[in-house]
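Novice: Got a structure here, written out as structure tokens. Questions coming.
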2 protein chains.
Amino acid sequence: MPAKGESVDADAVIVGGGVIGTAIAWQAASAGLAVTLIDPDSDAGKASLVAAGMLGPVSESVFGERDLLNLNLLAVGRFPGFNQELEEATGLVTGLRTEGTLAVAYDSGDLAALRRLTEFRHSIGLKAETLDAKQCRALEPFLAPGTRGGVLATGDLSVDNRRYLAALKAAAVKAGVTHLTGTVTAVTAEPAGASVRARLGDAPGTTELTARDVVVAAGFATSRLDGVPDKIRQAVRPVKGQLLRLRHPEHMPPIATRTIRATVQGRDIYIVPRADGEVVVGATQEERDDRDVTVGAVHDLLRDAVTALPAISELILAEASAGLRPGSNDNGPIVGRVHEGLVMATGHFRNGILLSAATADAVAAILAGRDPDAAWAPFHPGRLG
Amino acid sequence: MPAKGESVDADAVIVGGGVIGTAIAWQAASAGLAVTLIDPDSDAGKASLVAAGMLGPVSESVFGERDLLNLNLLAVGRFPGFNQELEEATGLVTGLRTEGTLAVAYDSGDLAALRRLTEFRHSIGLKAETLDAKQCRALEPFLAPGTRGGVLATGDLSVDNRRYLAALKAAAVKAGVTHLTGTVTAVTAEPAGASVRARLGDAPGTTELTARDVVVAAGFATSRLDGVPDKIRQAVRPVKGQLLRLRHPEHMPPIATRTIRATVQGRDIYIVPRADGEVVVGATQEERDDRDVTVGAVHDLLRDAVTALPAISELILAEASAGLRPGSNDNGPIVGRVHEGLVMATGHFRNGILLSAATADAVAAILAGRDPDAAWAPFHPGRLG
């Protein structure tokens, strides 16, 4: 560990190469910092890759999470500009879609619940348009005949999360980020300086890297990282999500144009179509820490998808996968400086893709000694005690 | 093509390396013939690998296919001895199971149908034991509470079709079979001699191999093979089957001990447990020639499996795959000498694994100039006109 004022290996060492860590690395390096990112580079189960890429602050907003809604609105407002910078920096296309989200209901109970949520959303100034069954099917002709009505959230976006992460990686490399393959085993941040200890590639033993700041963007694995304060470790837990990736057979017209959400027998399902013909169906929320794809979860997802869009039966089941999202004990992300040398960016739960751009802005500001947007104040790690 | 009496490249060239072709190659080589087997070696969609390995002549027997039943009984009688020779020749274990098949019913209509089939089976001398719901659950405790009753076919076996094919390949190699990777584009069998034309490995153009006999064991692709008589080509078609491979999570007790068959809403489903914890759920029968795994098929298989064995929800969905089985226009295999130099062994449809041992015996006899068992007579290619 360097004495204060000594040279360090990097201005910032980022722990974790999902969308959060990689977006931060890109932005920090673009701002002129020397950035090193350490990631196991094992794509298996990486939550950023298992996601659907819904950017749905409006259709995701629920009663009682006003601070999170404010943050999500900040994030979705920032996303298109950030994404455009990303596409311009890399020449890659991320598949951003702007057709909104259509939430549909199949019985009068569902419909009433949807209407109450819409009233709440209107009351806080969100745009959501109530549609009858005919209007729903005019927008999405493959909806089930039993569709009773719905609500269109025009402000919701979606992005191809895999293309998006690939573009972030490419942008980070172009901006000069040093990418190391390895697993960080401990972080240290004391007045004398910050460092991480990691097993790198094929190197024997562990390697220490010093930095002005260590940024922990390790998702649910933050809970297992030595040196992270106990209150934070205890606040983060894995929440398993299983989802399906479907493809259209050749010559089949697109089954949907926009994200479709439905509640089927009390279970929420979403169907996210991509412009390239992929359709993502998700997702379970399970308090488990394995990445097994299970019969029960795939069955439920398929059944609910077929209920919403019967013609989806004709699609190809290309992949079923499971990831572990970083849940937090109040469902909010944990982003901010813990103390000198240590910055947290985890706990993004179901909103990692959505919040990635805004998180990158916030952490880049923090690393530069500035305050992030006020919408982040409720999500400072200090709230955890 | 060699003139009569000239030396040839092999005594027998086998076209196709599924269980039928490979079993024939092993037996023919063991009988002293010089055998060459040509197979694309692309495992994708090979019907032998997508199968479940049920050896169920009793539970598969239906009204009106008496000749096929006789053949299937010959085949299941031969299988254990053949399999033992195979395990002894290779030191490999194929996972043969002898616990039988339990067919179950969920409503009085299903139960009545099952009882009628049992009476028919008894009338032709097959063993099938009628069980009430309690007896069914005593055998298989994880059966759904709604199980009304069932029938136990003790004579049915099952084998791990993938281990079995791997063992056949190893045995063929040990017996001296020459294995070529390639695709046969045409077969020729004239009084002057027999030959195949094939694209082999990375070799440019096509290669001709001469033989005393060409054995076509090309599954559904027989219908596309130049030189096969038109009547046979027209009699063979691909019948798509999709099935699932599940695995038990660690520490979970086996969900079933024997093959379970059920009719759920008119669809037949089978669940085949392996000793190593794998469980195969199958299978669709679709008149299609693609190998796409579809949402609708996987959904139906999962729903029906969960209906029969609710606790199957806890298993891991390890694989969903599709294969193309060689259906024939009378559901019977097509096995026999067409004319000098050309022997057929295809059209095994749903019974390829079951019939493989008996087919190998039959074709080895034919190649040696002997008649196969009389049970094969109805399945000679000559019946196709």
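The values are calculated or read from the model by the stated rules, or taken from the named source; none is laboratory data. Keep in mind it's a predicted model, so treat the numbers as computed, not measured. Heads up, the Cβs are rebuilt from the backbone with ideal geometry, glycines too, and the neighbour counts pull from every protein chain shown. What goes into the accessible areas is simple: the full protein's heavy atoms, side chains included, and nothing from ligands, DNA or RNA. Shrake-Rupley method; radii C 1.70, N 1.55, O 1.52, S 1.80 Å.
Novice: Compute the label-point distances linking B:His122 to its equivalents in the other copies; points lie 7 Å from Cα along Cα→Cβ; give nm, one decimal, shortest first.
Specialist: Its label point is 7.0 nm from the equivalent points in the other copies.
Novice: Also, I was wondering about something else. Taking the Cβ of B:Met54 as the centre, find all other residues whose Cβ is under 15 Å away and add up their charges (Lys, Arg: +1; Asp, Glu: -1). Present the calculation step by step, with values, prior to reporting the outcome.
Specialist: Details: positive: B:Arg97, B:Arg162, B:Arg163, B:Arg245, B:Arg258, B:Arg261, B:Arg274, B:Arg325, B:Arg350; negative: B:Glu60, B:Glu99, B:Asp156, B:Asp160, B:Asp268, B:Glu278.
Combined, the nearby Lys, Arg, Asp and Glu give +3.
Novice: How big a patch of accessible area, both sides summed and in Å² to the nearest 100, lies buried between B and A at a 1.4 Å probe? Let's see the in-between values first.
Specialist: Working: alone 15710 and 15710 Å², together 29920 Å².
For B against A, buried area totals roughly 1500 Å².
Novice: Continuing with the same structure: Please state, rounded to one decimal and in Å, the Kirkwood hydrodynamic radius that the stretch B:141-299 gives when every pair of distinct Cα atoms enters the mean of 1/r.
Specialist: Details: mean 1/r = 0.0503 Å⁻¹.
By the Kirkwood definition, the hydrodynamic radius is 19.9 Å.
Novice: Can I ask one more? Multiply the residue gap between A:Arg148 and A:Thr206 by 0.36 nm, knock off their C-alpha separation, and tell me the result in nm, one decimal place.
Specialist: Details: separation 58, 0.36 × 58 = 20.88 nm, distance 5.94 nm.
Answer, rounded to one decimal: 14.9 nm.
Novice: Further question: From zero up to wherever the largest Cα-Cα distance of the protein assembly as shown sits, split into 10 Å bins and tell me the percent of pairs in each.
Specialist: Spelled out bin by bin, the protein assembly as shown gives 3, 13, 19, 18, 17, 14, 11, 5, 1, 0 percent.
Novice: Here's a follow-up. Under the rule of at least 5 residues apart or a separate chain, name every residue whose amide H is placed under 5 Å from the amide H of B:Thr294.
Specialist: A:Leu317
Novice: If I histogram all Cα-Cα distances within the stretch A:12-118 using bins 5 Å wide from 0, what percent of pairs lands in each bin?
Specialist: Once binned at 5 Å, the Cα pair distances of the stretch A:12-118 give 2, 9, 14, 17, 19, 16, 9, 6, 4, 2, 1, 0.
Novice: At 7 Å along Cα-to-Cβ for each site, give me the label-to-label distance between A:Thr181 and A:Arg66 in nm.
Specialist: Distance between the two pseudo-spin positions: 4.9 nm.
Novice: Something else now. For chain A, what is the calculated [θ] at 222 nm in deg cm²/dmol (nearest 500), taking -39500 (n - 2.57) for each run of four or more DSSP H residues and dividing by its residue count?
Specialist: Details: 10 runs with 118 residues, N = 385.
Only helices count here, giving -9500 deg cm²/dmol.
Novice: Would you mind listing the distances between the B:Glu287 label point and the same position in each other copy? Use 7 Å along Cα-to-C-beta, nm, one decimal, shortest first.
Specialist: Result, one decimal in nm: 5.2.
Novice: Over chain B, what is the relative contact order in percent, taking alpha-carbon pairs closer than 8 angstrom and at least six residues apart?
Specialist: Details: 888 pairs, mean separation 93.5, N = 385.
This gives 24 percent for chain B.
Novice: Another question about this same structure. If I model chain B as equal point scatterers sitting on the Cα atoms and use the Debye formula, what is log10 I(q)/I(0) at q = 0.06, 0.08, 0.10, 0.15 Å⁻¹?
Specialist: -0.23, -0.41, -0.63, -1.32
Novice: Excluding A:Asp132 itself, calculate the net charge of residues whose Cβ lies under 13 Å from the Cβ of A:Asp132, where each Lys or Arg counts +1 and each Asp or Glu counts -1.
Specialist: Net of charged neighbours comes to +3.
Novice: I want to check the label-to-label distance for A:Asp373 and A:Gln135. Put each point 7 Å from Cα in the C-beta direction and report it in nm to one decimal.
Specialist: Distance between the two pseudo-spin positions: 2.9 nm.
Novice: Go ahead and set up a Gaussian network model of chain B, Cα springs under 10 Å, then flag whichever of B:Leu165, B:Leu73, B:Leu315 fluctuates most.
Specialist: Comparing B:Leu165, B:Leu73, B:Leu315 in the GNM, the peak value goes to B:Leu315.
Novice: Checking buried surface per residue: for the stretch A:280-300, which residues lose a minimum of 20 Å² accessible area in the protein assembly relative to the chain alone (1.4 Å probe)?
Specialist: For the stretch A:280-300, once contacts with the other chains are taken into account, A:Asp292, A:Val293, A:Thr294, A:Val295, A:Gly296, A:Val298, A:His299 lose 20 Å² or more.
Novice: Tell me the per residue accessible area of the protein assembly as shown using a 1.4 Å probe; a whole number in Å² is fine. Kindly include the intermediate steps, with their values, before the conclusion.
Specialist: Values: 29920 Å² over 770 residues.
Accessible area per residue, the protein assembly as shown: 39 Å².
Novice: OK, next. Taking the Cα centre of chain B as origin and charging only Cβ (+1 Lys, Arg; -1 Asp, Glu), how large is the dipole, in debye to the nearest 20?
Specialist: On the way: 38 positive and 45 negative charges, 101 e Å.
Result for chain B is approximately 480 debye, rounded to the nearest 20.
Novice: Less than 13 Å Cβ to Cβ from A:Arg370, Lys/Arg counted +1 and Asp/Glu -1: what total charge do the surrounding residues give? Provide the component values of the computation, followed by the final result.
Specialist: Details: positive: A:Arg337; negative: A:Asp361, A:Asp371, A:Asp373.
Around A:Arg370, the surrounding residues sum to -2.
Novice: Which of A:Pro80, A:Thr178, A:Gly109 sits farthest toward the positive end of the charge dipole of the stretch A:73-178, with +1 on the Cβ of Lys and Arg and -1 on the Cβ of Asp and Glu?
Specialist: My answer, from the dipole projection, is A:Thr178.
Novice: List for the stretch B:316-344: residues with 20 Å² or greater reduction in accessible area, all protein chains versus chain alone, probe 1.4 Å?
Specialist: When all protein chains are present, B:Ile316, B:Leu317 each give up 20 Å² or more of accessible surface.
Novice: Ranked by accessible surface with a 1.4 Å probe, highest first, in what order do A:Ser313, B:Ser30 come?
Specialist: Working: A:Ser313 30, B:Ser30 75 Å².
Result, largest first: B:Ser30, A:Ser313.
Novice: Stokes-Einstein diffusion coefficient for the stretch A:302-385 at 4 °C in a medium of 1.567 mPa s, Rh from the Kirkwood formula over Cα pairs: what value in µm²/s?
Specialist: Working: Rh = 15.3 Å.
D, rounded to a whole number, is 85 µm²/s.
Novice: What order, most packed first, do the peptides A:10-18, A:323-331 have when packing is the mean number of other Cβ atoms within 10 Å of each residue?
Specialist: Descending mean neighbour count gives A:10-18, A:323-331.
Novice: Between copies, how far apart are the B:Arg383 label points? List them in nm, one decimal, shortest first, with each point 7 Å from Cα toward Cβ, please?
Specialist: Those label-point separations list as 7.5 nm.
Novice: Continuing with this model, one more query. Please report the carbon-and-sulfur percent of the accessible area for the stretch B:244-289; probe 1.4 Å, protein heavy atoms only, DNA, RNA and ligands left out. Don't skip to the answer; put the middle values down first.
Specialist: Numbers: 940 of 2070 Å².
Roughly 45 percent, rounded to a whole number.
Novice: Along the charge dipole of the protein assembly as shown, pointing to its positive end and built from +1/-1 on Cβ of Lys, Arg, Asp and Glu, which listed residue (B:Ile269, A:Ile366, B:Thr188) has its Cα farthest out?
Specialist: Ranked along the dipole, the leading option is B:Ile269.
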